[in-house]
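See structure below.
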Amino acid sequence: MIEVANLQQTLNTGSTPLHILKGLNFKIAEGESVAIVGPSGSGKTTLLGMLAGLDVPSGGEINWQGQNLVAMNEDERAQLRADQVGFVFQQFQLLGSMTAIENVMLALELKGVKQATDEAKSILTRVGLGHRLDHYPRQLSGGEQQRVAIARAFASKPKVLFADEPTGNLDTATGRQIADLLFELNEEQHTTLVMVTHDERLAERCGRAIRIEAGEIVNT
Amino acid sequence: MSNLSLTLLRRDWRSGDLRLMLAAITTAVAVVAAVTLFSDRLQSALIAKSNQFLAAELVVSSSRPINQEYQDKASELALEQANKIEFSSMIFNGDNMRLSSIQAVSDSYPLLGQVEVAKQPYGATTKLPKGPAKGELFIDARLSLAINAQVGDTLEVGDTQLKVTHILVREPDQKSAFNVSPRAMMNTADVDAAGVILPGSRVRYRALYAGDNTGEFKQWVEPILEDHQGLVDIDTQSPAIGRSLGRAERFLLLASCLGVLLSVIAISVAARRYAERKTDSVAVMKTMGMSGQSIVNLWASQVLIVGLVASLIGIAIGSVLQTVVFEMLATLFVIDIPAPTWVPFALSIALGLSCALFFILPAVYGLKNVSPMRVLSRQFGNERNDRTRLVIGAIALMLGLRLFAGSWQMAISLVVGLGLIAVGVAAILWLVRAIAHRFTLHASSPWGLGLANLLRNRATTWVQVSVFAMATLIVAVIVLLRGSLIEEWRNQMPVDTPNHFLYNIAPDMVKPVGEFASDNGWQGTELYPMVRARINEINGINIAESLTDRQRDRIDREFNITYTNDLPKANVVQAGEWMPVVEGHQISVEDGMVEDLGLKLGDTMGFSIGGYQLEATITSIREVDWNQMRPNFFIIANPGMFPEELATYLTAYKLDEAQGAQLNQLLLKYPTISLIEVEAIIRQIREIIDQVSSAVELVMILIFASAVLVLLACVELTVDQRLKDGAILRTMGANKGLLRRSQLIEFALIGAASAIIAMAVSEGLVAYIQVQMFELKWRAHPELLITLPLVMGLVMTAGWWATRSVSRVAPMRVLHRH
């Protein structure tokens, strides 16, 4: 599904260049669930952004089912994201000016889905928020907001779901419920899951973990 | 995409982010729509009305018959035309005769306005749409009394006999020049038969034109006018009205320009905040696969929709406002107020869309470059394109102002003025920071905290102080100019302005007339002796040789000359000395005449009067304020130059309606006294002043609305940051009271700084505008000091209100949200 070869990211800050990713190589198979783990500042988030095509590396290749992500322009990468990618973020990243259902509908509308309202309603009901469709993010608890974000991510039936510390902003119990939901939906939709996390227990639930320290893979 | 953009627009609208921008564009458009609609209609109404004083829209006047080609061209342009021939001739009633000023008019005269007549001298008047038909004669009351002729009598004019059908009271284009001879009006068809116009006769031909294409005709005829021909339209005929109108227009234009400027500032500030608030949403949408171009398309279409909707609302508000004002004034207009043209509407829509295009779009265009990585890490910011925006904005602003105000000078000086404020504020901030560095600011005191906050966020402080100062400046300029304009107008036409001029008062009538006046409580001006003399020599050379045709045409008539040792009011000596001690006779000449005839101090002028030939030296040149309705003279001589027995007297009274009736008794008793009523023209000028004053008030309200929007937009700009800072400080133990006090101090300081800068700049700017654009006199404005507490109060109130949740909302919630 995704093949990473000699992936490098270097920032030119002043006199000495800062190497954030130092030539990473790994593969992620379709349907696999992979955790990217490592201490703060190790380059996890940068890697996730590169894999999802949110940013371009300074060197190396990322192949998405044979397509080189690095060679694509921003619009092509945007199209790839629109077609195949879903996200769940630590900060939820719901649009504050929209209600729960509108946030989910937006993802569907951007894909040009006609029955956006019905589909959004159904998936929000699936994540247990059927009664809070018209609430704004500020009226929802953290756990509820992350449920909306999960519903939004799965609504467009992505091939790959990228999750950045999905439980990082939640208490332990809520975090566990959210993780359950994430894995359930992942199972149902046969999505490939790539997750950045600090949480070892969450990492253990994934099929495999890629451990990064100081921009290098220490074990996979 | 358009469906999505509408959906998003609807969702955005609910969130309130768009409202401030919409309100700002709406205000800009409302200001422009109201002002342009108002001045468009006011202009048409006033011109239409003023033209009645000309009996036409345009008049060609000449000492020889008017060229046939003018008539042909006018017919080609489908203009209405009338002719008028003015000459003097004896009118006989049996053995009674009198030299009279006769106007022969064609059947279509007057093109505008009506001829006022009566059945008997000083009787009740009626209005006729036409002058006398062939064979008819209208005579004025003085002629009627002088030769004892009544309506129905047949009088001789030259070789023809005409029947008196009306007593002539007033024709629309009656000249206010004082005529000694009585007046009569006949038809041009009878002129040949009368045989009174002979080679060498002093005759004035006038061709009158009116119609839609008058402007085109004027452009055609102006360059081909011959030396002996002159062009008269409302500006030349009635300079007082023309000038008042011109000033009013310039003021309204300036005011609306400044109003738009204010709104544009509000729009820009609101757009910047809008774009900032949208940054996160755009990053999320990008992760969902939206391309940069789709983002731009999405927001561009939203911005255009907002621009369009705001324009329509603005036009509606503007229309309602100007209609309300016109309705209040409707009773003042005799004629119908013409419907507005399409121009103001087109202009308003164009403005609304331009605001969206040039001041909002560049801000949201930057969203294209927001990195989607921002969803993962805040360090991926939004690269702001402030400099590009500033350049685009400044250019658009200058072009717009140039288009609107019609002057590069004004456009550039406004933009440069605003730029200077921004630079000045930056300099002051730098200075304050340099001084503050020497002291330790204690965060435990509200003053220390407030000041430190301002200095730490220098960029924001700079934007806020600059914007508030600009807004204050604009409002101050408008208020000051409005005050001095209205004051100037009112001074021009004070309540005791005389509305009746009596002249031709023989020396032996002066006493009885004076007694009659004081018995009836009339308010009068001084009594001026007046002689009528012809200028026949300049520097000893006959004017036939020393002057061009056009110059001679200017003075080829009898002049009313007064003599006095006292410089009359509304006269200012420009050059020379007022009546110095000299040998021989001396005169003081009006500056316009000096210029027209190419005269200078020390030149001599020769006058012929009643068989005398007199010569006098020019010892002073006077500027005369013709705007003031008082007796004014081109030439004033020293007492003793003209023989007293040749003088008659001139005086003017301010009479109410009842006193006007008493006037008729006086005129019946002394039929040789002549009267000019200027009530109509005074009333007209007053109306203009009133109408324009209310237009000015209207614009003021809109300007204030724009200023408040600027205030809100600017305070809103920093609310997010303030909430966040407040929350952090509270987690560190700062109490609510300290926070609120320090914020209040911040706003007070911002308000004070903007007010002080604005006060200084506005005094200078107003002086410049007053002198340069409105030809008014400069004076200091101590009342500007009120700006300081006013602006401080407003900024503090708005700031207090906008940040009220700082101490109410739990810090955790604020931090969580950010």
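Read the figures in this text as sums done on the coordinates, not as results from a lab. Not measured: the values here are computed from a predicted model. A quick note on method: Cβ atoms are made from the backbone with ideal geometry, for glycine too, and the neighbour counts reach across all protein chains shown.
With a sphere of radius 11 Å drawn around the Cβ of residue B:181, what net charge do the other residues whose Cβ falls strictly inside it have (Lys, Arg +1; Asp, Glu -1)?
+2
Can you run phi through the Karplus equation (6.51, -1.76, 1.60; θ = phi - 60°) for the range B:549-566 and list ³J(HN,Hα) in whole Hz, with x for Gly and Pro?
3, 5, 5, 5, 4, 5, 10, 7, 6, 7, 9, 8, 10, 10, 9, 6, 8, 9
Of the options B:539, B:565, B:609, report the single residue whose Cα projects farthest towards the positive end of the charge dipole of the protein assembly as shown (beta-carbon charges: Lys, Arg +1; Asp, Glu -1).
Sorting the options by dipole projection puts first B:565.
What is the ratio of the Cα radius of gyration of the protein assembly as shown to 2.2 N^0.38 Å, with N the residue count, to two decimals?
1.35
Report the far tail of the P(r) of chain A, meaning the percent of Cα-Cα pairs longer than 21 Å.
54 percent
At R0 = 30 Å, how high is the FRET efficiency between residue A:19 and residue B:369 if r is their beta carbon distance? Nearest 0.05 is fine.
0.70
Over all residues in A:72-85, what is the mean tally of Cβ atoms on other chains that come within 10 Å of each residue's Cβ?
For peptide A:72-85, the averaged partner shielding equals 4.
Divide the volume of the convex hull of the Cα atoms of the range B:686-761 by its number of residues and quote the answer in cubic angstrom per residue.
Per-residue hull volume (Cα only) is 109 Å³.
Neighbouring Cβ atoms within 10 Å as the yardstick, rank B:323, A:167 fewest first.
B:323, A:167
Enter the mean number of other protein chain beta carbons within 10 Å of the beta carbon of each residue in B:285-298, as an integer.
6
Which lysines have a Cα less than 19 Å from the Cα of residue B:669, not counting those fewer than 8 places away in the same chain?
The reachable lysines, counting only those whose Cα sits under 19 Å from residue B:669, are B:119, B:511.
For residue B:506, what residues show an amide H to amide H distance below 5 Å, using hydrogens built from the backbone and excluding near sequence neighbours?
Sorted by chain and number, the residues that satisfy this are B:649.
Using all Cα-Cα distances in the range B:451-522, what percent lands in each 5 angstrom bin from 0 up to the longest?
The calculated distribution, bin by bin, is 3, 11, 10, 10, 7, 8, 7, 6, 6, 5, 5, 4, 4, 4, 4, 4, 2, 0.
For residue B:130 paired with residue A:65, estimate the spin-label separation in nm (one decimal), with each label point 7 Å from Cα along the Cα-to-Cβ line.
Simple spin-label model gives 9.3 nm for this pair.
For residue B:218, what charge total do you get from the other residues with a beta carbon under 10 Å from its beta carbon, if Lys and Arg give +1 and Asp and Glu give -1?
In short, -4.
Around residue B:624, under 9 Å between beta carbons, what's the net of Lys plus Arg minus Asp minus Glu among the other residues?
-3
Work out, step by step, the length gained on full extension between residue B:7 and residue B:686: first 0.36 nm times the residue separation, then minus their alpha carbon distance; give nm to one decimal.
239.0 nm
Excluding same-chain residues fewer than 8 positions from residue A:22, which lysines have a Cα within less than 22 Å of its Cα?
Correct list for residue A:22: A:44.
What ranking do A:21, A:11, A:69 get, fewest neighbouring Cβ atoms within 10 angstrom at the top?
So the ranking, lowest neighbour count to highest, is A:11, A:69, A:21.
Of all the Cα-Cα pairs you can form in the range B:507-623, what percent are over 23 Å apart?
Of all Cα-Cα distances in the range B:507-623, 39 percent exceed 23 Å.
Build a GNM of chain A with springs between Cα atoms under 10 Å: which of A:73, A:25, A:169 gets the top mean-square fluctuation?
Answer for the Gaussian network model of chain A: A:73.
Going out from 0 in 10 Å bins, what whole percent of all Cα-Cα distances in chain B drops into each bin?
It works out to 2, 11, 17, 19, 15, 11, 9, 8, 5, 2, 0, 0, in whole percents.
Cut-off is 10 Å between beta-carbons; in what order do B:714, A:206, B:355, B:257 appear when sorted fewest neighbours first?
A:206, B:257, B:714, B:355
How far is it, in nm, from the label point at residue B:189 to the one at residue B:785 when both lie 7 Å from their Cα along the line to the Cβ?
The two pseudo-label positions are separated by 7.5 nm.
Please give the charge dipole size of chain B, origin at the Cα centre, charges +1 on K and R Cβ atoms and -1 on D and E Cβ atoms. Round to the nearest 20 debye.
Dipole about the Cα centre, nearest 20: 6540 debye.
Using the C-alpha atoms of the range B:423-559, what convex hull volume per residue, in cubic angstrom, is computed?
That works out to 311 Å³ per residue.
Taking θ as phi - 60°, what are the ³J(HN,Hα) couplings along the range A:52-68 by the Karplus curve (6.51, -1.76, 1.60), each to the nearest whole Hz, with x for Gly and Pro?
Couplings: 7, x, 7, 8, 10, x, 7, x, x, 10, 10, 9, 9, 6, x, 8, 7 Hz.
Take every Cα pair under 8 Å in chain B that's 6+ residues apart, average their separations, divide by the length, and report that relative contact order as a whole percent.
16 percent
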